[in-house]
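A.B. asks: Structure below; questions to follow.
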Amino acid sequence: MPAPPHPSAPRTEERHVLAADGTMLRLDAAGPADEPAVRTLFEGLSATSLHLRFFGMARDAVGEAAHRICAVRAPDGGALLAWHGELVVGAAEFHTTGPGEAELAVVVAEDWHHRGVGTLLIEHLMDVARAEGVRRWTADVLSDNRPMLRVLQDMGLPLHRGAEAGVVTASIPLDLPVDDPGREEFLSAMGLRERQADTASLLPLFRPTTVAVAGAGRRPDSIGRTILANLASAGWHESLFVLHPSAGEIAGFTASAHVADLPALPDTVVIAVPARSVPAVAEECGRAGVAALVVVTAGFDADQARALRQTCHRYGMRMVGPNGVGVVDTSGGTPLRADFTGVRPLPGSAGVAVQSGGVGIALLRQLNRLGIGVSTFASLGDKYDVSGNDMLQWFETDPRTALAVLHLESFGNPRKFSRIARRTGRRIPVLTVDAGRSASGRRAAASHTAAAVTPTVARGALFRQAGVTAAHSLGDLVATTALMSAQPLPKSGAVAIVGNAGGLGVLAADACADAGLTVPYLGAEIEARLRELLPSGAACGNPVDATATVPGESLRRAIDLIASTGHIGAVLLALAPTALGDPLAELTHGSAVREIPVAVVAPERAEAVDLVPAWHGAFPVFCDTRTAAAALAHARDRAMWLLRPRGIVPRLTTTDPDRARAAVDAYLAAHSGGGWLPPDACAAVLGGYGVPLAPWRRVTAADGAVDAARELRGLSPLGTVALKVSGPEITHKTDVGGVRLGLAGDDDVRAAYTDLAHRLGRRMDGAVVQPMAAPGVELIIGVDQDEVLGPLVLFGLGGTGVDILGDHSARLSPLTDLDAKDLIAESRASKPLYGHRGAPPCDVGAVEDLLHRVSRLADDLPQVCELDLNPAVAGPDGVTVVDARIRVAPRRPADPYLPRVR
């Protein structure tokens with residue numbers, strides 16, 4: 001049951017989380033005012049629990065223990081409390097014992113054991129401890145305290161255990177680097193725990209036993225009355241109630257003025273009252289113990305929105321909305337139809353979550369028309385609580401859901417979305433619309449990397465790595481959903497086109513090529529056998545033109561023959577009706593093709609896609625070749641993603657992250673607002689991660705430039721040096737004419753420095769001298785710390801024309817070994833890197849290694865907002881960074897994977 005409110009004012013540290021059974025808890029830093037509540041926690045422990053926690057501490061010493069927890073402060077340690085209403089149901093504390101080391105202790109209330117409370121406290125206290133510089137905990141546990149030992153073991157963290165005199169000492173690392181396999185094990189274990197808690201909390205929302213509607217007024221055409229009518233028509237009668245301030249009878253139901261007056265406590269209340277009244281209704285629901293709300297009301301001001309959120313958190317209620325069109329679930333005994341979509345959804349296999357109510361209604365209509373139907377539908381609206389991440393986890397665990405269809409306009413926690421989608425996508429397809437791709441979504445940016453990370457690039461990286469099928473339009477989404485719901489996935493991108501009209505086959509071939517599919521030669525043997533099956537005059541290459549006179553039986557046998565070759569991934573039928581009949585009708589019975597998908601293009605169709613019953617499910621029938629080819633390409637991509645190994649984050653050598661972190665910290669201590677690092681700090685950061693930076697010397701006068709040139713000239717295979725201007729206000733050196741290359745003699749260097757100083761004046765605070773690198777492939781490798789998505793690594797052809805070339809691919813860090821290979825393969829740089837037109841191949845392994853070093857840097861240092869290595873010059877003997885820029889800003893690292901409620 002949801003908890004009564006806690007009277008104390010919230011602190012900035014508070015976090016709302018879900019116990020294993022779905023109960024919402026509040027985690028908050030312990031303070032002096034909490035000491036009585038913590039003492040009550042200890043006093044409620046059994047003698048056995050006191051013995052296990054305190055190694056035999058007397059009950060009269062609990063006051064001292066409560067005081068220690070509530071008094072600890074950084075840098076000496078920290079403590080978190082788990083609140084359920086006014087009760088502290090768990091506490092976790094750590095006390096520093098030395099540099100980077102601390103002792104951990106946890107206690108959980110007697111009747112809250114085995115509900116994940118201790119685990120949640122440890123997970124979130126780890127975040128607090130890391131922020132205070134703690135890198136390792138130790139925990140002394142009595143050997144017969146099996147529950148606590150199990151909690152530590154099940155965390156998923158690598159434990160080092162030692163035992164002496166009946167005490168087990170566990171050593172727990174807190175700061176696992178991204179390339180440590182133990183980090184992935186921990187994140188996976190934490191994600192599965194969160195999924196269990198999340199889905200448990202959503203059960204009262206989507207599978208309630210009792211429902212009430214607030215806002216079903218006297219007008220039959222009101223939203224509340226529509227929702228009430230939909231619930232009643234779905235079979236909700238004795239367990240359906242109405243809330244109305246004037247009570248009385250509404251639509252045959254006896255209304256109650258207050259939740260407490262209802263015949264039974266509803267699991268879920270649907271709220272359709274004006275915005276000004278919603279917070280009060282929610283407050284009343286929370287006090288009564290309602291578990292979940294569906295708020296369809298829109299138009300909240302900031303105060304109303306804040307009050308609604310706080311009420312849901314205070315009482316532990318889950319909420320869909322506001323500003324949605326409701327929820328539907330067809331999987332329970334009595335279908336839940338708490339919506340005003342105007343559509344009666346068919347029971348089916350598609351789980352649908354949308355932000356836009358209009359898009360949701362359109363999807364419901366299309367899924368009904370196609371006969372796919374829905375398992376669960378949620379109109380998330382403004383996502384005050386239940387989000388796309390919650391819905392994905394619900395779909396993942398629902399056995400009736402075979403496809404997850406999403407329309408999300410924003411991501412509250414895209415890093416977590418990526419992990420959940422990756423996990424869910426191993427079981428069912430996850431499909432979405434890639435909305436917000438326009439150039440108007442591009443933010444102003446200073447560096448080349450940031451300017452290149454458009455919404456298209458960033459979201460594309462997110463979707464590709466997570467295995468999400470991202471359609472470009474709502475029609476594309478529906479078409480792909482139809483194909484994936486009815487047909488197996490292709491084994492490859494090789495398509496055989498078979499039709500009864502040559503021109504239509506040509507259009508289909510063009511559409512396949514545009515979609516990145518291939519239309520390969522079928523082979524002489526297959527061609528010969530096709531000539532035996534098809535009418536005289538048939539063209540038996542690929543596309544296959546079977547002529548307008550082809551009998552249905554011959555067409556079926558031709559399809560089966562082509563499918564049996566083993567090297568064709570899909571068959572695309574291009575069929576036009578003729579005076580001799582409808583060839584599609586003759587194809588819906590009797591064929592044996594099952595292993596590969598069959599899609600049909602029938603240009604006379606009015607709908608963009610239909611599902612026509614066939615011998616093994618249904619044919620997706622498209623009216624347009626491009627739509628059909630795009631759907632097949634999406635299915636091919638999903639098939640390839642499922643076959644792809646998951647990849648590993650390689651372990652790096654010769655790194656010194658502390659050196660890099662110290663350089664960033666020192667700069668930010670002197671420049672509180674952040675900025676572009678000077679060359680020496682930039683070199684220290686890159687050096688900390690083993691980035692191969694060309695030798696350099698910073699100079700502040702012409703004579704110094706000459707001396708540096710004499711020192712460095714011998715390191716250049718060309719015997720020359722480069723002179724590059726530096727200055728805090730100069731972002732792109734070439735824009736101000738600040739780069740001079742191929743300087744051979746002392747006079748050249750002196751003249752170049754003098755000219756730059758004269759032209760740039762105070763904007764120039766010095767220059768950098770470097771030996772000229774050997775010619776090679778110029779690359780850009782960059783980092784952009786996206787405010788929503790986190791760090792992205794960008795790769796492409798570099799040099800002064802980087803913005804004109806527009807050759808950019810991106811991935812979210814951390815990069816796996818396969819991600820680095822993909823970045824290179826997707827770029828136009830791949831051809832020259834692997835050797836092109838007689839040029840020797842470059843050391844691609846060194847380029848991959850550099851990508852991994854930059855990725856690790858981005859993960860370790862969230863203060864690095866933008867990073868440009870441009871150019872990094874690749875050649876047969878390795879890669880060298882000849883120019884680098886790094887912008888930093890004060891940022892506290894945040895763990896996006898911690899389980900918490902929005």
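The values are calculated or read from the model by the stated rules, or taken from the named source; none is laboratory data. None of these values were measured; they are calculated from a predicted model. Reconstructed Cβ throughout: ideal geometry from the backbone, glycine too, with neighbour counts over all protein chains shown. What goes into the accessible areas is simple: the full protein's heavy atoms, side chains included, and nothing from ligands, DNA or RNA. Shrake-Rupley method; radii C 1.70, N 1.55, O 1.52, S 1.80 Å.
A.B. asks: In whole Å, largest first, what are the principal axis extents of the Cα atoms in the stretch 35-133?
C.D. replies: 35, 26, 22
A.B. asks: Provide 809, 46 ordered by accessible surface of protein heavy atoms (probe 1.4 Å), highest first.
C.D. replies: Per-residue accessible area, sorted high to low, gives 46, 809.
A.B. asks: Looking at the stretch 110-231, I'd like the Rg to Rh ratio, where Rg is from alpha-carbon atoms and Rh is Kirkwood's inverse mean 1/r.
C.D. replies: Here the Rg-to-Rh quotient is 1.25.
A.B. asks: For the chain, what does the helix formula give at 222 nm: sum of -39500 (n - 2.57) over DSSP H segments with n ≥ 4, over the residue count, nearest 500 deg cm²/dmol?
C.D. replies: -11000 deg cm²/dmol
A.B. asks: Separate question: Excluding residue 163 itself, what net charge comes from residues whose Cβ is under 14 Å from its Cβ, given Lys and Arg +1 and Asp and Glu -1?
C.D. replies: Its environment carries a net charge of -1.
A.B. asks: Around residue 507, what is the net charge, scoring Lys/Arg as +1 and Asp/Glu as -1 over all other residues with Cβ under 13 Å from its Cβ?
C.D. replies: Spelling it out: positives minus negatives among the neighbours equals -3.
A.B. asks: Quick one: plug the Kirkwood hydrodynamic radius of the stretch 630-684 (C-alpha pairs) into Stokes-Einstein at 4 °C, 1.567 mPa s, and report D in µm²/s.
C.D. replies: 84 µm²/s
A.B. asks: Here's another thing I want to ask about it. Go through 94, 212, 410 and say which Cα lies farthest out towards the positive end of the charge dipole of the chain; charges sit on Cβ, +1 for Lys and Arg, -1 for Asp and Glu.
C.D. replies: 212
A.B. asks: Please report the net charge: other residues with Cβ closer than 12 Å to the Cβ of residue 241, K and R +1, D and E -1.
C.D. replies: Every neighbour counted, the sum reads -3.
A.B. asks: Can you pull the semi-axes for the chain, root of five times each eigenvalue of the Cα gyration tensor, sorted largest first, whole Å?
C.D. replies: 48, 47, 25
A.B. asks: In the stretch 801-902, carbon and sulfur make up what percent of the accessible area (probe 1.4 Å)?
C.D. replies: Carbon and sulfur together cover 52 percent of it.
A.B. asks: Further question on the same structure: Return an integer: the convex hull volume of the alpha-carbon atoms of the stretch 310-385, in Å³ per residue.
C.D. replies: Taking the convex hull of the Cα positions in the stretch 310-385, it is 85 Å³ per residue.
A.B. asks: So for the stretch 756-857, what percent of the C-alpha to C-alpha distances run longer than 21 Å?
C.D. replies: The proportion of pairs with Cα distances above 21 Å equals 46 percent.
A.B. asks: Report for the chain the percent antiparallel among DSSP-assigned beta bridges with both residues inside it, nearest 5.
C.D. replies: 65 percent
A.B. asks: While we're here: What is the magnitude of the charge dipole of the chain about its Cα centre, with +1 placed on the Cβ of each Lys and Arg, -1 on the Cβ of each Asp and Glu, and no other charges, expressed in debye to the nearest 20?
C.D. replies: I would put it at about 760 debye.
A.B. asks: Tally up the carbon and sulfur contribution to the accessible surface of the stretch 224-273 as a whole percent, 1.4 Å probe, everything protein left in place.
C.D. replies: Looking at the stretch 224-273 in its full context, I get 54 percent from C and S.
A.B. asks: Here's another thing I want to ask about it. Considering only protein heavy atoms, what per residue accessible area in square angstrom results for the chain with a 1.4 angstrom probe?
C.D. replies: Value returned for the chain: 39 Å² of accessible area per residue.
A.B. asks: Let me ask you something else. Want the number for residue 828 to residue 553: 0.36 nm per residue separation, take away the alpha-carbon distance, what's left?
C.D. replies: Extending this stretch completely gives an extra 94.3 nm.
A.B. asks: Mean 1/r over all different Cα pairs, inverted: what Kirkwood radius does the stretch 704-763 give, in Å?
C.D. replies: Kirkwood hydrodynamic radius for the stretch 704-763: 11.9 Å.
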